[in-house]
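Quick notes on the structure that follows.
The values are calculated or read from the model by the stated rules, or taken from the named source; none is laboratory data. Keep in mind it's a predicted model, so treat the numbers as computed, not measured. No Cβ is skipped: glycine too gets one built from the backbone with ideal geometry, and neighbour counts run over all protein chains shown.
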């Protein structure tokens, strides 16, 4: 097939126009923190005298998690080295300093370039919403926890279900407006079912929602809301079957030791939404005041405790006060301590 | 490792405990009760159209209005935008055009549905210059003449509340509480002054809105009194006559000593000096520089305000701008004296003193003004502070003052908009009118204003409140939102974990 040179050049022009458009769009969309930090370094390096020996004093005023801060610092230094030749990361008397500060909605990066008596300032700002959370702290010896899931949207209850006979582990998460089932795939949780709650959606401020699950009926669950109880199938998108009920709120959950099959009562020490709770292990009793034999700090108020593996492990939902995320932990008892 | 099989007996035990009736300790909030709140403010208005930006009353107005009205969007303590009346939003690349989808099924307290036209009509007169809003189906469209990346911050704070104006001028809201009919304020009477020192302070009564789209609040009622003298507010809290009271900065120390639970916000109110451009002495750059260097802000904050304030070198506080630490103003008496020595004899005290006027009432402003005069005298500048009897902005000598001491209370989460309003109030001229969305631009503008020395920050004060021990889930924001819809009262005798001297909740 032959083409005239005019048509060919028109096509080439269209191709390049489109290519450049895509390039610009991609650039505009690269809204990542690293992109902003590199751009900041680029602006600083443009003012940095060529071949000037320099280092970067990087101060994170608790604006972002330290690990992430170091990652951003590396990107900044790398960009600066690329442009300025021989910059080095370090502290001490540096010509370039960067301060990370937190405002209500943003992280503000302030870069100061000091050349002689003159100081120049450059800024970059990113949204706080995209900041990764700090990793969880260590657990106490008796109770062990494993972070399974984290999200910003409110979680009322969650249940971890261990897969039997080669089946994948599942995580059932009850939100205010939907029940979501995740399945563990290599390296990630994958959504397998999202069931809108429809009229059962929780509109109360003190939103109560509890999942009741039996290992003998792994495809069914009962969801109890304030004033109603619903039956639902976990393997299809069928609507929930709800009826009025007045079931009492759950107060804790049994937890059985894998070592000696002894049963314990797992409960919260119960503060309000402004203070971190402790998970407490007590002798099962109808007395609320039974003393705790072990406890474990969690990073915020405890929202729910439930169990999806019989009572071999429990699942706890915690509102992390440091990050504002709802976190789902698998709680188990450690042997030998 | 295989886990041992759990016996049927354990399941029987499990069912007993699952259905036990005890509460999940006190994590489960309790519905009911009346929260009694006392404000120091002399006037209160819940009509956002009447609020004066930067005024000290703004905080009380906003806290009460937030009981009755909702916003399109809010910001949580983790910097995330949370849908309120708007469920989602998007903008063009610029971003000049924003689109918000309005939540469906939201009703005003009279049972009528909220429409996008209602929201547009409420917000239109409140928006800053260059931002227009219109209704389109179930959406709100904001069209801005300049890029507005800060529109969410703007709408999540300040006066940007959604309401409907009724035929009789009163305002209807969709919020968690309704203003009781017998205290309902009509448009013309939205601002009710309470005379200073009057024996019976004015009151508002709010009742829980059972049909609130976000769920009924925990409290049944909120009773609000305002125009309360600071000492009386503290005594009322201690005597159990109130559960939540505003505290004055000079009363915080006493409250702490009395083991009262005290909440403190980030610094929100700036006290600053400004030269009056109309007066000839204001034109003298060297005089302004001398005065700035003579001011001892650290002593003002630590001694005069008993460490309840921070020395301020910037207009916007660090928590809002993120760069305030770049501004430094150290007291330098030697340099100030040198500069003073080079001033002409007829400037600053040679023939007549600089007249200082306080544009804001209260003992604190008067004390600060007196301290400014003392500091200035140390470098040989004569400053005449206002007399104890006539120091407010409406004094007959107001127009003749060379210096004004003013207060500015931060009310918006958009640093650019806040700087613009503050600069306007301080009569400062800005270069980049309408272009303050980026930190570089804001810093450059603020630096220019401060280097001119016509505006001199002095100290920044937080808001304070005293709380009774039974107030739970107090989750006020660091920038001063009280969020009373989430507060609940613990029943007597069930109080646990209520530490007396520290109010948690404000975690930035």
Next on the checklist: Just the residues that are without any contact (Cβ under 8 Å) to a residue 12 or more places away in the chain and outside any loop (DSSP other than H, G, I, E, B), please, taken from segment A:193-247.
Outcome noted: A:222, A:231, A:241
Checklist entry - Which of (1) modelled with pLDDT under 80; (2) within 30 Å of residue A:131 (Cβ to Cβ); (3) assigned to a strand (DSSP E or B) does residue A:331 not meet, given it meets every other one? => result (1)
Checklist entry - Hey, among A:273, A:296, which residue is within 21 Å of residue A:146 (Cα to Cα) and either in contact (Cβ under 8 Å) with a residue 40 or more places away in the chain or assigned to a strand (DSSP E or B) (or both)? => result A:296
Checklist entry - Looking only at residues in segment A:253-262 that are facing another protein chain (nearest Cβ under 7 Å) and surrounded by fewer than 19 Cβ atoms within 10 Å (Cβ to Cβ), which one is farthest from the chain's Cα centre (by Cα)? => result A:261
Item to check | Selection count, segment A:226-252, where residues are over 25 Å from the mean Cα position of the chain (by Cα) and at the interface with chain B (Cβ under 10 Å from one of its Cβ atoms) | outcome: 5
Checklist entry - residue A:210: at pLDDT 85 or above, in contact with a strand residue (DSSP E or B) (Cβ under 7 Å, 6 or more places away or on another chain) and within 10 Å of chain B (Cβ to nearest Cβ), yes or no? => result yes
Next on the checklist: If the requirement is being within 14 Å of another protein chain (Cβ to nearest Cβ) and surrounded by fewer than 20 Cβ atoms within 10 Å (Cβ to Cβ), which of these qualifies: B:444, B:425?
Outcome noted: B:444
Checklist entry - In this structure, is residue B:73 within 14 Å of another protein chain (Cβ to nearest Cβ), buried (at least 20 other Cβ atoms within 10 Å of the Cβ), within 29 Å of residue A:176 (Cβ to Cβ) and in contact with a helix residue (DSSP H, G or I) (Cβ under 6 Å, 6 or more places away or on another chain)? => result yes
Checklist entry - Among the numbered criteria (1) more than 14 Å from chain A (Cβ to nearest Cβ); (2) modelled with pLDDT of 90 or more; (3) in a helix (DSSP H, G or I), which single criterion is violated by residue B:320? => result (1)
Checklist entry - Which ones in segment B:26-50 are at pLDDT below 90 and either within 14 Å of another protein chain (Cβ to nearest Cβ) or on the phi > 0 side of the Ramachandran plot (or both)? => result B:26, B:27, B:28, B:29, B:30
Item to check | Residue within segment A:177-192 that is crowded, with 17+ Cβ neighbours inside 10 Å and either within 11 Å of chain B (Cβ to nearest Cβ) or part of a loop (DSSP other than H, G, I, E, B) (or both) present | outcome: no
